[in-house]
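J.: Before we start, here is the structure in question, set down as structure tokens.
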Amino acid sequence: MTPAEWVDDAAGPVVRPYAMVRGRTRSERYLFDLVAFVVTVVDTLHHWVEMQPEHQAILTMCRRPRSVTEVAARMNLPVGVVRVLLSDLLDARAIRVREPADPVGRPSVQVIREVLEGLRAL
């Protein structure tokens, strides 16, 4: 088939995003928070046989920290697909992921409102 036969102007590419991740719909071991930061720790993975162009694009993009959401938006891919790709890269030790701070130690919204009301009363 020619490249023109693989694209329909109205529908977009014929190959769906899950084809990039070989039909996987979720990461097998990791759940990436949407606001987690991803940073590349290697330049490339030449030795990795299953590397897709999207993996290399993520490595290039994440030379400076980016959130999972930002990676998905910049690549114009569903977050689920990006999470699977990130999982592959994490398994290959090509990226580091920093999850957001645990909200357990933070005050509740109610406490913040009460403090604000107290400050206004002063």
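The values are calculated or read from the model by the stated rules, or taken from the named source; none is laboratory data. Note that this is a predicted model, so its numbers are computed, not measured. Methodologically, a virtual Cβ is constructed for each residue, glycine included, from the backbone with ideal geometry; neighbour enumeration extends over all protein chains shown.
J.: Of the residues Val84, Val109, Val115, Val97, only one is loosely packed, with under 10 Cβ neighbours inside 10 Å and of a type in the set (Val, Ile, Thr); which?
T.: When all the criteria are applied, what remains is Val109.
J.: Which one is nearest to Leu34 (Cα to Cα) among residues in segment 64-109 that are part of a helix (DSSP H, G or I) and modelled with pLDDT under 85?
T.: Here the residue is Pro103.
J.: What is the residue count in segment 45-71 for residues that are free of Cβ contacts under 8 Å to residues at least 24 places away in the same chain and surrounded by 21 or more Cβ atoms within 10 Å (Cβ to Cβ)?
T.: 0
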